[in-house]
Every structure is written in C-alpha cells, then in structure tokens.
1. Determine whether residue 114 is assigned to a helix (DSSP H, G or I), touching a Leu at 6+ places or on another chain (Cβ under 6 Å) and at pLDDT 90 or above.
2. Exactly one condition in (1) within 21 Å of residue 399 (Cα to Cα); (2) buried (at least 23 other Cβ atoms within 10 Å of the Cβ) is false for residue 243; which is it?
3. May I ask you to list pairs of residues, at least six apart or on different chains, whose Cβ atoms are under 6 Å apart, with the first in the range 648-669 being closer than 17 Å to residue 849 by Cα and assigned by TED's automatic domain parsing to the domain that holds residue 943 and the second being among the hydrophobic types (A, V, I, L, M, F, W, C) and buried (at least 17 other Cβ atoms within 10 Å of the Cβ)?
4. Out of 903, 896, 940, which single residue is within 30 Å of residue 865 (Cα to Cα) and not acidic (Asp, Glu)?
5. Within the range 763-778, count every residue that is surrounded by 15 or more Cβ atoms within 10 Å (Cβ to Cβ) and closer than 14 Å to residue 947 by Cβ.
6. Is it the case that residue 900 is at pLDDT below 80 and assigned to a helix (DSSP H, G or I)?
7. Given the criterion more than 19 Å from residue 175 (Cβ to Cβ), aliphatic (A, V, I, L, M) and touching a Ser or Thr at 6+ places or on another chain (Cβ under 9 Å), identify the matching residue among 104, 124.
8. Can you report the number of residues in the range 20-34 which are touching a residue at least 12 places away in the same chain (Cβ under 8 Å), over 9 Å from residue 112 (Cα atoms) and in a helix (DSSP H, G or I)?
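The values are calculated or read from the model by the stated rules, or taken from the named source; none is laboratory data. Since we're looking at a predicted model, the values are computed, not measured. Here Cβ is always computed from backbone atoms with ideal geometry, including for glycine, and neighbour counts include all displayed protein chains.
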Amino acid sequence: MTDAGSLFFILALPYLGALIAGFLPPGGRNWASVLTGFVTLLALGLLVRLYPTVSHGVPLRETVPWLPSLGLDLTMRLDGFSWLFSMLVLGIGALVILYARYYMSPEDPVPRFFSFFQAFMGSMLGLVLSGNLVQIVFFWELTSLFSFLLIGYWHHNQAARDGARMALIMTATGGVCLLVGLLLLGQIAGSYDVDMVLARGALIRGHELYLPTLVLILIGAFTKSAQFPFHFWLPHAMAAPTPVSAYLHSATMVKAGIYLLILLWPVLSGTEAWYLIVATTGLATLLVGAWSAIFQHDLKGLLAYSTISHLGLITLLLGLGSPLAAVAAIFHTVNHATFKASLFMAAGIIDHETGTRDLRKLSGLIRFMPITATLAMVAAAAMAGVPLLNGFLSKEMFLAEALEAHSGTILDRVLPVLATLASMFSVLYSVRFIHQTFFGPPPTDLPHTPHEAPHWMRLPIEILVLLCLLVGIMPALTIAPFLHSAVLSVLGERTPVYSLAIWHGFNTPLLMSMIALIGGALLYRLFRHRLNAAAQSPVIGRLKGRRSFEAVLAALIDGARVAYRALSTGRQQVMLRLIIVTALIAGALPVVRLGYSAGNRSQILIDPVFALLWLLGGVAAVGAAMLAKFHRLAALTLVGVAGLSTCISFVWLSAPDLGLTQLLVEIVTLVLLLLGLRWLPMRMPDTWSGERTPFAVRFRRGGDLLLASVGGTGAAALAYAVMTRPAPVGISRYFMQQAYPGGGGTNVVNVILVDFRGFDTLGEITVLSIVALTVFTLLRRFRPAAESVVQPDQQQVQNASDDAREGRERGDTALHYLLVPRIIMEWLFPVILTCALYLLARGHDLPGGGFAGGVAASIAILLLYMASGTRSVEARLNIQPVRWISAGLLLAGLTGAAATLFGFPFLSTHFQYVDLPIIGPVPVASALLFDIGVFAVVVGTTVLILIALAHQSIRTPRAPRAAEEVGETG
C-alpha cells in the first residue's frame, strides 16, 4: 500500500469498526472494546509511519475523481498540522477507549456506544484529512450527527436528550452557515481544493465578498467551538457519559472549529475585520468561561466552562493575527487536549467511585484514592499554568503575545490586564478543583465508599499526565519537532523564530504568570466559602443561554404552527389541489411567455388497436374515479386495468424493461392497497344511493375534474410538441454505443442503472429503504381498534382472548377467498421465486435486473401470505426484512467502493467472460453484485411494509403489540 493510499485506509478503519461493533450482542463489552482499540491502534500506527513524509511541510495528497467538472473530488490531504491533529484524535481516542471499557456498565448496550464512538472518530478524521472544502463540510456535519448520538447515549435521561438536541441544533445551524461560507470561499478562489485556496490569500482578502464569507465561516467555527455567545450548549452536553466528555471536549468536537480557524488562518487573517471579530470573540469567551467556571459545583460543569475559557484563549491568539500568536495557538491546542482529557477522566473516576460530582459533598479524597488525586492535581496544575508543566509554556507564550502591539486599538491596551485576570481566574478554579475534592475532612454521606479505580482505568490518565510533565520539562526533546512541522505547514514562509525553552529570564510574561498564580490562590482563600454558597455566577449567571435557546426554539415552533394554520386546512385533498395548481402555474408560465407551437415532423397514424387500448385504459381510470366513493374494491380493480394498459403500451412502444417493471409493481401495489383499504373511513355506502349530492360536494368534484383535465391536456400538448419535432442529438446514442464495451451488457437500460448512473440508483434504493422504515415506524404505533382502559375481570380476559384468536384467524384468512385454490398458490411460490432469480441473473443483457427480480420475489412472498396467513409465513420463512435492507445497501455500497481500491471512480464496473464446463463462455460483470444489492433492498422494503400492513389489518379487542412482534422478526 502506498503512503497516499494509506490515508483512505486510515479513514475507512473507524467506519469499518463501527459497522462491526454495531452487530455485536448488547452484552459484548469486552469484544467491542478490544475491536475498537485494535482499529484505533492500527490507524495510529499507520499515521505514525507517515510522519517522515510530511515532516518537512510538503502535504501528502490522494485524489479520487468524483465530479471533476464541478471541481469536486474525494481528496485526502495530510500535512504536519493535520498529522498532529490526527494524532490527537487517534491517540487520545485510544486512551479513552481503554478508560471506557472500565467506566461503562455491563448493563449498558456498550457495543452500540463503541459503534457511535468509532463513527465519530472517523468523521473527525475525515474532517482533518479532507483536502476539499465541500468534503470538509460533509464530515463537519457527520461530527455533529454522531456527537448527538454520543451525548444522548443515555437516552432515558432527560438531561442527556436535551443536551444532545441543543448541541445538534447549534452546531448544525452553524454548519449551514459554514457551507455557504466555504462555497463562497471556493468561488472567490476559483477552486474548492484546499491547497489552491491556501495559495490565493491575497485574492481572497481583497475580494468584495470577503466580509460575508468571513462572517459565515466564523459563525460555523464559533458554534462548533462553543465561542460566546454560542457557548451555552457545551455545559449541557456534560450529561453524556464521561468518556464522551473527555473525548469530544478535549481533542475532537470542540476543536473542530479551532482546526478550521488555524487551517484558514493564512488566507483569512491579517485584516481589521478578522482582528475585531475573532479577537473580541475569543477574549469574551476567555473571560466568560473562566468567570463561570469559578462558581460551578459540578466537577464536569467546572471542566466544561474551563474548556470554554481555553477555547476562547486559542481563538484570541488566532485573532491577534501575528505568526507567533498562531504558533502559541497550535501549541496550546495540543496542551489543552492532554490535560483536559486527563481531568475529565479523573472526574469520571471520582463520580464512578463515590457516586457524586458535587464539590460541596466531596472532601478529603486523597486519603482514599491517593493515586487518582495525585494525577488530577498535576493535570489541574497544568491547566492553571504552573511552571514545569506543558500548560505553563503555552500560557506564557499567550501572555507574551498579549503584551505586543497588534492594531493600536483599545483592545491592545487592555489586553495584558485582561489576559492576566483570565489567568488568575484559571488558577482560582483549578485550586478549587484540587482543594475541595482532595483535601479537608473525610467525606460523609456519599452514595459509595470512595476507593481507587482499577489500574487499567487509571492508566490513560497516567499516560496523559506523564506527557504534561515531559512536555513541560523537556519540550525540545518531546513536542518541538512535531510542533515545528505543524507550524511550518500552516505558516510556510511566515514561520517565525520561536523558543520552547523553560527559562527565558525574569521578564514581563513571567511576572504576569506569577501574579496570576499568587492572585488566584489568594482569591480562593478569601472567597472559598462564598463560592460554595453561590447558586450561580454573579452577573453572567443571569444570562441563561439555555433559556434564550428554548425561547427562540419555541418562537420558531409557534411561527410554524401559525403558518400551518394559515396555509393548511388539515385535509389532504385541499393540500393536493394547492400543489397541483402551483405545478400547473409553473408549467404554464413558459408557454405564456414564449408561446406554444407544434413541430413540423411528419406524423404517423395511430394504430386502431393501440387507440382501443388507450381508450380502455382511459375508461378504466375514469371509472375508478367515479366508483371510488361507492365501492373502493371495484375502483382499485379498475386502477389495475389502467395500469395494465400502461404496461401493454410500454411493450407496444418497444420498452420491455419498463413494461415488465410496471407489471410487477402493479401487482405488488394492488395487494398492498388491498391490505390498506380497511384503514380508510367509510364515506359513502357500498350501494348506489338515490339521494341528491350536496352542491358543495358537486362543486368540489367539478373543480377536481377541471384540474385533472387541465393537467392531462397540458401534458398531452407538451408530449405532442416534443414528438412532432426532430429528435435532438443527445446522450442516448452514447449510451447505445458504450453499453457493451463500457458496461459489459446489451440491456442498455440496466447498464445505465447499475453503471452509468449507478450512484443515482444507490441513492434511490437508500430513499426506498428510508421510506419503508418510516412507514413501518408509523404503522407499528397505529391501532385500528380502540383499546379498553378498564381493568377486565377473568371472564373478560378469556372472552378477549377468544375474540383475538378468532380475529387473527379472520385476518389471516381474509385473503383466502380468491378464485385460485390455496394449494396452487403454494405451488407457485418456488416457480415465481425461480423466475425472480432468472430475471435478476439475466438483467444485464435482457429485460430484468435487480429491481424487477426483487419485485417478482416479493410477489412470491405475497402469494404465500395469501395462501397461508401472516404468522404461518413468518414461522416458515423466518423473514427478516430489515436485515435484507441492510445487507442490500451494504453490498451495493461495497461494490461501488471496491472500484476505488483499483484506482477507478466510485461504482465503476468490470466485466469479463468466464469459461464454464458444458455451458461455455459466460459474461460476468461486477455490476451483478450491485444488482443483487438492489434485489435485496426491494425484497426487504416490500416485505417490511407487507408485514406491517398485514399485522395491523387484524382488528381485535385489546390487540397484542403485533408491530413489535414483527420488529423482532424483522
């Protein structure tokens, strides 16, 4: 495997691990943790091997063509900075995985946790390794989605659900702004390729769209990295399990915005707008987060607000715009990840072993857990900026930059004072964390007796704390080479001269550090008791971000309800009329503006038999509309006649593929509609009535007839205008010429579906799967019969049981009263199934294919349902439609991905002839695997809807939760 090829493999590893973990049994905590750890360490090892390639500032790239005409390709890009960030993602991720193995309860569905965890890890890696702006947005949104699943993992907890929802709404809203901003940035630069964008900084900063582009990108970065005033979602995300907090809020989720700001720093910074917006926002976040952290009583709450403060510090450094400030920002990003991850895990151990995180209840834990206490104190000291720890080095660089002149504004003059004040606050909440947790009298009334955690649970903290010490004591031998390659990748020729020496002599930054350390300790000594008594932080505590968020959300929902009441009548017919009228107006506008004219192509007389066929179909359609209000079964039969006329028309016009597919779909649709008829309300009696129809009803039906007539006439006129003109030279000739040499098939329609437009087909079967799952989810909660809420006596229970049994028998035999004997329907099952497989196998060269074969197989199962009843079929066949859907989508996707392994675009197909004994040469195409995936999806979706409809159509008193039974079967 080449170095460049390793990038795609590294990205695919977490997703592959997530997929495997998702299929593990709920109790497989050990297997899931071993799998996740192995995948992460393997990706980490591959990444370490690539460091010599990118250590000198030249990025490693690998590109797979996607939409080259639009400048959109799948591009992996690794340089020194993205390598360092990826090491944080994978390295801290590996430690969190080990920690989570002991933190998570065996009673939790731990494999699902690790599946979400790996999917999030892969999304974060994709964001960091992306070499295309649109690709960055894609993985950006994936991180929001999977962080939502991780934060809301304990979904039985209301706080977890609220925190997950808030995080998703805030970051997804920012993601929309980011998408628009990056699209504008790509348009300004003339390319969406990251390297080309980074090379055109002067052009971007001088463009008239620079300011709106900057604002939109910053909104996306600020919401993701919890910058003021979007910071309030992060503390509420602390309802997640502690391993999630340790990972998302130290090295990944909240660092995504920081990564983007550093990545685009060379092209967006250096302007007054950048300085004012970014530096001011960073300073406000630094102070608000530090001030709020002082008054938190929850350990994780204190760490959450301290995270906000440190993120503000990094943003402030980037806003200053100087190269040295950018170096300090990159350095502090790494340092913060190490000490914050260790602090979160220490807080988790404290909560795990004592049963509480309340600082007012914790005290003297150093007597019971001395190792954990020592580790937490060192990490907290690094957060406070104590000398000989990594946090001191980057914070001293921050204070040195605060003293420099950057713009000559008032912000420059007050920045040294505010930076010292924020550092003082940092010391204060760090001292409070240490003193109130580990010192003082022994704790009382704790839910659990405190004791040390297992060694393997502490090992990740020990490794991270050791890194804090090594970087703080020997920075030149530890972090310096990696930091230099990262800085060189970002700044290039603007890389400044900087020093990571521990001692720079007695200077002003050192004096500011000492003032912060001493002042923070004194403030804690003076106000310790008041901090414990405070319910919230003064002034800022009254600014409830969640309250504002809920108010805005409620206003949006109320506005939607007002709009719904104003525009909707609650009746489907009226809404359909509005949609059709809108479509007719849109279709008529070009005709009104440009006029209408038929072509001069010679016309062919219509065949009388064909005209009779269409007349029959039209009469059937009109009859179905007229009979719908009297007898729905008869109307449905006439709909089938109209559909059959359409099938014959396709065959008549030399479109056998369409005719075959239409016929099969008509059969399945009619059976499913038959099962759904009993759900519809009885509007009119089943017999013809002599009563006069009210005028309003006749007027409404007349309007519907008018709409149908106008729509049909317009479609006919459009078709006539097209058919009377010479056929344009389009792409059809290309498909005809390239179907066999390029796709290996003589059935052009099928080759188009699985090769030329295979990605469209993949999207269509994905939508089909989503629709089927949605229908099943809706139907599983529906009860056609009202259930009694009165507690029954024993006789009532017996009567209900008898009625339910009789109802099931009636429901299972409701379709038996057909003209075809039951034994014949059962005999037809293997015959139709064989035909379905035949249609699947021959589809590449003759009419058929995966869709037609899947529908035919569904017909076989439908027939078996009619003959034997729902539960009998499920017991005999063990139908599991959800697994069919999953396997089909997976097979189709893997077939497309396999092409990329050979250097071809996604979903490229390969074919060759295989000599078989007796049979001879047989064409074999990789598209057959894709077609099999389509086949499985069609069977799964059809059977899933069938099961839901068939079970729910059984109307019984106090009916059992049949849908849940189906869910277990499926």
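1. No.
2. All conditions pass for residue 243, except number (1).
3. Cβ pairs passing all conditions: none.
4. 940
5. 4
6. Yes.
7. Going through 104, 124 in turn, just one is more than 19 Å from residue 175 (Cβ to Cβ), aliphatic (A, V, I, L, M) and touching a Ser or Thr at 6+ places or on another chain (Cβ under 9 Å): 104.
8. Within the range 20-34, residues that are touching a residue at least 12 places away in the same chain (Cβ under 8 Å), over 9 Å from residue 112 (Cα atoms) and in a helix (DSSP H, G or I) number 5.
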